[in-house]
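The values are calculated or read from the model by the stated rules, or taken from the named source; none is laboratory data. Only a predicted model underlies this, so the values are computations on that prediction, with no experimental measurement involved. Using ideal geometry, Cβ is built from the backbone for each residue, glycine included, and neighbour counts are taken over all protein chains shown.
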Amino acid sequence: MPNLNINGRNMSVEAAGDTPLLWVIREQLQMTGTKFGCGAGLCGACTVHLNGEAVRSCQTSVSDAAGKKITTIEGLSAKGEHPLQKAWIAEQVPQCGYCQSGQIMQAAALLSKNSNPTKEEVVAHMDGNLCRCMTYSRIQKAIMRAASEMRTASATGTERRAT
Amino acid sequence: MNEHVKNLTPETTDLSRRSFLVGTAATGLVLGYAAVPGIDKALAAPSNFEPSVWYSIAPDGLVTVTCGKADMGQHVASTMAQIVAEELGANWKDMRVQLASNDPKFNDPVLGAQITGGSWSTMMNFDAMSRAGAAGRMALTEAAAASMGVPASECVVRSSTISHPKSKKSMSFADVVKSGKATKTFTADELKAIKLKSPDQYTMIGVSVPQLDIPSKTNGTAKYGIDVMLPGMVHGAIVTPPVRYGATVKSVDETAAKKVPGYIKAVTLDDKTGTTTGWVVAVANTYANAKKAAAALKITYDGGPNAKLSSESLFAEAKRLQGLSDSGEFFVKDGDPNAAFGTAAKVLEAEYTTNINIHAPMEPMNATAEFKGDILHIHSGNQFATRSGAIAAAAAGIDPKYVVMHQMWLGGGFGRRLDADMMVPAVQAAKAVGKPVKVIYTRENDMTMDFSRPLTYQKVKAGVDADGKLVALSHDVVSAWPTARWGIPDFLTPSVDKKGPLDSFTVNGADFFYTVPNHYVRAIKNEMAHNATPSGQLRSVAPGWTFWAVESMIDEIAHATGKDPAQLRISLLDGKGKNDGGAQRLRNTLLAAMGLAGYGTKQLPKGEGMGVACVSSQERATASWTACVAHVAVAPSGEVTVKKLTVATDVGTQVNPDGIRAQVEGAALWGMSLAMFEKATLKDGGIEQTNFDSYTPLRMSQMPEVAVNVIANGEKATGVGEPAVTVVAPAIGNAIFNAVGARVRALPITAEAVKAAMKA
């Protein structure tokens, strides 16, 4: 019975060690924001964070995730107000919305390391995430908007600390 | 039909209704159209003001619109709310949406069924939603005026408030609903007589208000079919045969599957609807275990009559059928092209093909079925509740009136969810194990069992007179017939030669707005393809291939007669006879796209070119006038880079401009994806592509610059989900020709084909 640390909470789950993390998250923990798209790591709909890195939960076994910090879309921010989530609304990104949890999680991993990415860096980082509605240009705009907001916020934060 | 269902279990038959009855105060009154059946039941709801089936206003002032259309990302629920809010005078922050059940009262007011497609929704619901909104405003105003002791005619309604400027009195919608004094009812005739706002009075339509469904799609809370969880539910994974259609199960060996923990049983489908053939469901306590069990089942098949067929055999059969003089049925029969070819100065002939295409929405097909008493509950995101409910019923062996469909957000539709195949395994597994069952397709199931865009073969012959005028066009379209497969006569079209009904969803678009005096269009059913690759409606349906042929041929004619391809189109869009009105709008749209793209204004570098195309998609009667200028660069290897797509579309009236742009952006990229990157093939009766490694829709790195320009000229609102899909492939093909002189006639366009055509 693997123990998982998910969105800051420790949980014991009943699943064979080789069970894909995706299905444990969705069915046992009933957190359905993480989506099943291809089961082969080809589309990115199931993207979650493992110790801050974006991974495909359909390709990650429960035993590999045990002992690591797992973050899903539900845990990205307390009230859905991560700068990326706000930017996704501001740019009206989602159409059907099914891939967007994965898109946001993938983008969040990029911005946590690089809050000033170039367009090329965004494309390279996001190219594994399919959007069948093809909202790609809005995804790009939203990432740039969120990055800019994060830079402003951290600059303001620094000033505050300084004064 | 659901009247009967309601009497049996009133508390569960209509979740959408229940959800707004719960949690409201016991004050207020409910009203309805006098003409709406079931009003007696609506009256039982004590607290909401419900001026039509389409929305209710709670005592807290929140307006909840019930959307009878499937929302698959086009934000149609939000659009319906926006149309209601315009006439109602509601504040956008007070608007909410919910999805309708399959109760017939939520049927499309024009189509008389619950079906979502054709880019029809806004066009066909605009009037009904407007009248529903206006009726609510009138009733609320009358009640408020009486309460305030002022004449209703002096009241102004804005931002969910009825105010009387002279006395400075006002009441909010919430106040009026709480007062319980809104009692006015409307008959159908009275509704019809309501004078709606004129466009210059709009304050909501034409404004890019935020789409109501978007926040829930950024935090994981939006619920799709795949997210449904029912108490006691178990899970089903399907095993599909190697042959797309026609296989039968000979034996199922469960020995190894029984060793999988949580395994319950294997259910071999007995599908009398003919939707599926040779499918088995492995049922287990979790989906992961169901998948393991599915993989462990040893199943033998009889491959059936299609087991040897390939894309090549389907193309060969199409060519054979086209060559027969008595094949097919006439969709257009104007003049006599064959006679005109005899006297034409120049005759051009070309074949255009498209391969099988797969919908592949990001949410794989799924359905959850639960038998509760006499009622079968289906939870699934579906585009055609009316038909899908009947298929679910047939799979269960019950009357359709006992089926309640619970609509969910659709994780992509694109026409795929018009079909009901996913209902069959869910229903039969639920029946077999006596528990609710959720069936989820793997991506491999989803791709190999798609109701795909059919493989098409088109032959076009054109005759030009000595002055270079196009005098004759004969166009044969050979394909599987996706809509005939439904078996619903109303969706078929009588042929003009009275040879019987034809599937106009294979030839729409070929009846274009160009003036050509002698014009034949034949719809030829490829029975072999129809049986081997059951086809479906893929975003834009026929115009996705007919305009590939027509708009490529128009370009070929222009080059053969030394004319500019755009100018030739403009001359053919003269608006004569039956083309009056539409032709002029299409011409103007083409001119707009040309202007925006800078078509013909500058010399492009070697290997680059711009191409144009213009379409009256979807159908003649429901067209959004759409034009595209594609700018491409072609390498000596034949590799094509699409640099920019400029799309202009005349939609008459735009409800939500930003929403329209989003649809057109997505549609244009779909068009490019189908033109360049998506190809499925049949081999030994099965679809060869199984996942996103071999079937490869456009990714972010392949995206060109897309410029979208929406023309809103005050005409009636038209649809935008599909037209831009159809215009892109021919624009790219024509641009390639202008860049390097290579004519490509097969989709998808490959570097090899371009290179071969460059040499030719």
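Of these, B:PHE491, B:PHE505, B:PHE512, which one is closer than 30 Å to B:GLN689 by Cβ, among the aromatic types (Phe, Trp, Tyr) and crowded, with 24+ Cβ neighbours inside 10 Å?
On the way: B:PHE491 fails: crowded, with 24+ Cβ neighbours inside 10 Å; B:PHE512 fails: closer than 30 Å to B:GLN689 by Cβ.
The match here is B:PHE505.
Is it the case, given these coordinates, that B:THR221 is within 27 Å of the chain's Cα centre (by Cα) and crowded, with 21+ Cβ neighbours inside 10 Å? No.
Screening the stretch B:613-645 for residues that are surrounded by 24 or more Cβ atoms within 10 Å (Cβ to Cβ), β-branched (Val, Ile, Thr) and within 25 Å of the chain's Cα centre (by Cα) and picking the one that is farthest from B:ALA668 (Cα to Cα) gives B:VAL615. Tell me yes or no: at least one residue of the stretch B:194-214 is touching a strand residue (DSSP E or B) at 6+ places or on another chain (Cβ under 6 Å), within 14 Å of chain A (Cβ to nearest Cβ) and not hydrophobic (A, V, I, L, M, F, W, C). No, there is no match, as no residue in the stretch B:194-214 is touching a strand residue (DSSP E or B) at 6+ places or on another chain (Cβ under 6 Å), within 14 Å of chain A (Cβ to nearest Cβ) and not hydrophobic (A, V, I, L, M, F, W, C). Here B:ASN357 passes the criteria (1) over 30 Å from B:GLY397 (Cα atoms); (2) crowded, with 16+ Cβ neighbours inside 10 Å; (3) away from chain A (no Cβ under 14 Å) except the one numbered (3). For the stretch B:184-214, a residue qualifies if it is surrounded by 12 or more Cβ atoms within 10 Å (Cβ to Cβ), small (Gly, Ala, Ser) and in a loop (DSSP other than H, G, I, E, B), and the qualifying residues are B:GLY206, B:SER208.
Residue-wise test of (1) at pLDDT below 95; (2) in contact with a helix residue (DSSP H, G or I) (Cβ under 7 Å, 6 or more places away or on another chain); (3) among the charged types (D, E, K, R).
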residue: B:GLU556; (1), (2), (3): no, no, yes
residue: B:ALA560; (1), (2), (3): no, no, no
residue: B:ARG569; (1), (2), (3): no, yes, yes
residue: B:LEU572; (1), (2), (3): no, no, no
residue: B:ASN579; (1), (2), (3): no, no, no
residue: B:LEU586; (1), (2), (3): no, no, no
residue: B:ALA592; (1), (2), (3): no, no, no
residue: B:TYR599; (1), (2), (3): no, yes, no
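In the set (1) on the phi > 0 side of the Ramachandran plot; (2) within 14 Å of chain A (Cβ to nearest Cβ), the condition left unmet by B:GLY500 is number (2).
Residue check: B:ASN382 meets all listed conditions (1) over 30 Å from B:GLN114 (Cβ atoms); (2) not in a helix (DSSP H, G or I) but one, namely (1). Taken over the stretch B:148-177, residues that are out of contact with any Ser or Thr (no Cβ under 6 Å at 6 or more places or on another chain), in contact (Cβ under 8 Å) with a residue 24 or more places away in the chain and in a helix (DSSP H, G or I) amount to 4. Note on the stretch B:692-720: among residues that are of a type outside the set (Val, Ile, Thr), buried (at least 22 other Cβ atoms within 10 Å of the Cβ) and closer than 16 Å to B:VAL655 by Cα, the one that is nearest to the other protein chains (Cβ to nearest Cβ) is B:GLY719. Please name all residue pairs, on different chains or six or more residues apart, with Cβ atoms under 7 Å, provided the first residue is in the stretch A:140-152 and is among the basic types (Lys, Arg) and the second residue is not in a helix (DSSP H, G or I). Pairs found: A:LYS141/A:GLU91; A:ARG145/A:GLU91; A:ARG151/A:SER115; A:ARG151/A:ASN116. Scanning the stretch B:732-746 turns up no residue that is within 22 Å of the chain's Cα centre (by Cα), closer than 30 Å to B:ASN445 by Cβ and touching a residue at least 12 places away in the same chain (Cβ under 8 Å).
Please work out if A:ALA147 is away from chain B (no Cβ under 13 Å) and either modelled with pLDDT of 95 or more or in contact with a His (Cβ under 8 Å, 6 or more places away or on another chain) (or both). Spell out how you get there, then give the answer.
Working: away from chain B (no Cβ under 13 Å): yes; either modelled with pLDDT of 95 or more or in contact with a His (Cβ under 8 Å, 6 or more places away or on another chain) (or both): yes.
So A:ALA147 passes the test.
Out of B:LYS438, B:LYS498, one residue alone is free of Cβ contacts under 8 Å to residues at least 40 places away in the same chain and either surrounded by 24 or more Cβ atoms within 10 Å (Cβ to Cβ) or assigned to a loop (DSSP other than H, G, I, E, B) (or both). It is B:LYS498. Against the list (1) closer than 22 Å to B:ALA707 by Cβ; (2) more than 17 Å from the chain's Cα centre (by Cα); (3) away from every other protein chain (no Cβ under 14 Å), the condition B:LYS683 fails is (1).
What strands (runs of 3 or more DSSP E) completely inside the stretch B:226-272 contain at least 1 residues that are in contact (Cβ under 8 Å) with a residue 40 or more places away in the chain and surrounded by fewer than 18 Cβ atoms within 10 Å (Cβ to Cβ)? Don't jump to the end; show me each part of the working.
Working: elements: B:234-239, B:248-253, B:263-268.
Counting at least 1 such residues, we get B:248-253, B:263-268.
Among residues of the stretch A:7-34 being hydrophobic (A, V, I, L, M, F, W, C), within 20 Å of A:GLU53 (Cβ to Cβ) and touching a residue at least 40 places away in the same chain (Cβ under 8 Å), the one that is nearest to the other protein chains (Cβ to nearest Cβ) is A:MET31.
For every residue, the table says whether it meets (1) closer than 18 Å to A:GLY128 by Cβ; (2) in the same structural domain as A:ASN129 (by TED's automatic domain parsing); (3) among the small types (Gly, Ala, Ser).
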| position | (1), (2), (3) |
| --- | --- |
| A:VAL24 | no, no, no |
| A:GLY41 | yes, no, yes |
| A:VAL55 | yes, no, no |
| A:GLN59 | yes, no, no |
| A:ALA65 | no, no, yes |
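Any idea which residue in the stretch B:646-660 is farthest from the other protein chains (Cβ to nearest Cβ), counting only those that are out of contact with any strand residue (DSSP E or B) (no Cβ under 9 Å at 6 or more places or on another chain) and buried (at least 24 other Cβ atoms within 10 Å of the Cβ)?
Narrowing the stretch B:646-660 to residues out of contact with any strand residue (DSSP E or B) (no Cβ under 9 Å at 6 or more places or on another chain): B:653, B:655-656, B:658-659.
Keeping just the survivors that are buried (at least 24 other Cβ atoms within 10 Å of the Cβ) gives B:655-656, B:659.
Working: B:VAL655: 14, B:ASN656: 10, B:GLY659: 8 Å.
The extreme case among them is B:VAL655.
Within the stretch A:95-149, track down each residue that is among the small types (Gly, Ala, Ser), crowded, with 24+ Cβ neighbours inside 10 Å and not in a helix (DSSP H, G or I). Of everything in the stretch A:95-149, just one residue is among the small types (Gly, Ala, Ser), crowded, with 24+ Cβ neighbours inside 10 Å and not in a helix (DSSP H, G or I), namely A:GLY97. Of all residues in the stretch B:344-376, those satisfying the criterion of being of a type in the set (Asp, Glu) and either assigned to a loop (DSSP other than H, G, I, E, B) or in contact with a His (Cβ under 7 Å, 6 or more places away or on another chain) (or both) are B:GLU363, B:GLU370, B:ASP374. Considering only residues that are within 7 Å of chain B (Cβ to nearest Cβ) and buried (at least 18 other Cβ atoms within 10 Å of the Cβ), which ones fall in the stretch A:36-50? Scanning the stretch A:36-50 gives A:PHE36, A:GLY37, A:CYS38, A:GLY39, A:LEU42, A:CYS43, A:ALA45. Residues in the stretch B:215-252 that are within 22 Å of B:ILE378 (Cβ to Cβ) and more than 8 Å from chain A (Cβ to nearest Cβ): B:GLY225, B:VAL228, B:LEU230, B:PRO231, B:GLY232, B:MET233, B:VAL234, B:GLY236, B:ALA237, B:ILE238, B:VAL239, B:THR240.
Just one of the listed residues (A:ALA54, A:ALA66) is more than 10 Å from chain B (Cβ to nearest Cβ), closer than 30 Å to B:ALA667 by Cβ, surrounded by fewer than 24 Cβ atoms within 10 Å (Cβ to Cβ) and out of contact with any His (no Cβ under 6 Å at 6 or more places or on another chain), and it is A:ALA54.
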